[in-house]
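See below for the structure under consideration.
The values are calculated or read from the model by the stated rules, or taken from the named source; none is laboratory data. This structure is a prediction, so every number in the text was calculated from the model and none was measured. Virtual Cβ from ideal backbone geometry, glycine too; neighbours counted across all protein chains shown. These accessible areas exclude ligands, DNA and RNA; they are computed on the full protein's heavy atoms, side chains included. Shrake-Rupley method; radii C 1.70, N 1.55, O 1.52, S 1.80 Å.
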Amino acid sequence: MNSPTFSLIVHGGAWNIPDAAVADCRAGIRRALEAGRDVLARGGSAIDAVEAAIVVLEDDVTFDAGIGSHLNRDGRVQLDAIVMDGATLDAGAVAAVERIRNPIRLARKIMESSEHVLLVAAGAELFAEENGFPLCDPAELTIDRERAAWQRCKSENHSPEFHFGHKHGTVGAVALDARGKIAAGTSTGGTCCKFPGRVGDAPLVGCGCYADAQAGGVSCTGHGESIMKIVMAKTAADLLRSGAQSQDAAQECIRLLDRRAHGAGGLILLDRSGKPGAAFSTSRMAYGYLKPAGSFFIAP
Ligand code: ASP
């Protein structure tokens, strides 16, 4: 590979993206790529790049992560996030947090400053407080679009058809830095009208995210209960480890997700040399990566 000597791929979820949302998705993916690319271009670490890209996507109301996330059955935002370091296999994750604007930052703090991997709900927020993370008012994470969608879901008895049309926008990133270190992360508001306390695949090591310097890095999106069944991120990493090409590994995971778990979704990945792969079984997936010449590929 010529310049750049680093790689980055990001996603904003595999979902039924309507034509009207395509421009916002593309703009968000571009901003996330720029943020991560800038970190990598000045010699920053893969973890820093993953965090920078995901913060941009969490702060963008287009996506189901951070502000603008779906509401759960009780009308509350509950967020999940994870980051994983491929060099050490260290990971940090949070689940069901309600007062954290950027859960990916807290996930990283757990990875770097605690003996634990996953903290949930009140315990995760206590850890945040004790480590100087500002807690936000949960109302700050709720936007009118999601409040209206939740009202409609409620009045239609949470009809599954409506949920399907409305589902969107988990975010994730995988980076390989100039020193050859790989990292991955995923952040989500989870599924629309989920049961309070429900945790999906996203913050679980090997399900919504995995990174191993000997294989590659992966971030997943889609129906969490199905993704968990096939431990999709670890499955993708194992395929890479056994020599599969990036794109073949991604496609094989989507086949497995359909055939074995009867679920839909998508994933992005980098192999250990930084070669990107992406696949999805929804109508569209928002994603993008750095091309070897330094420009961006962006979809849809
Ligand atoms: N995987 C996420 C979850 O189940 C949702 C998504 O990616 O759309 O929480």
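What the table shows:
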item	result
Cα-based helix-to-principal-axis angle, 46-58 vs the chain, degrees rounded to 10	30 degrees
Normalised alpha carbon radius of gyration of the stretch 111-265 [divisor 2.2 N^0.38 Å]	1.18
Residue order for Phe297, Phe127 - accessible surface, 1.4 angstrom probe, largest first	Phe297, Phe127
The chain: relative contact order as a whole-number percent, Cα under 8 Å and 6+ apart	26 percent
Angle between the chain longest axis and helix 232-241 axis [Cα atoms, degrees, rounded to 10]	10 degrees
Apportionment of accessible area to carbon and sulfur, the chain, percent (1.4 Å)	50 percent
Reachable lysines, given that their alpha-carbon falls under 22 Å from the alpha-carbon of Lys229 and they are not under 8 places away in the same chain	Lys167, Lys194
Anisotropy class of the stretch 34-128 from Cα gyration tensor, a/c 1.5 cut	oblate
By average C-beta atoms within 10 angstrom, highest first, the peptides 218-224, 174-180	218-224, 174-180
For the chain, accessible area per residue (1.4 Å probe, heavy atoms of protein chains only), Å²	39 Å²
Principal-axis tilt of helix 103-113 within the chain, Cα atoms, nearest 10 degrees	60 degrees
Calculated SAXS-style log₁₀ I(q)/I(0) at q = 0.07, 0.08, 0.11 Å⁻¹ - the chain, Debye, Cα scatterers	-0.22, -0.28, -0.55
Cut-off of 10 Å, at most 16 other beta carbons, DSSP loop: longest stretch of the chain lacking such GluC sites (Glu not before Pro)	157-300
Accessible surface ranking that places the most exposed of Tyr289, Tyr210 first, with a 1.4 angstrom probe	Tyr289, Tyr210
Aspartates and glutamates whose Cα lies under 14 Å from that of Lys291, excluding same-chain neighbours fewer than 8 positions away	Glu34
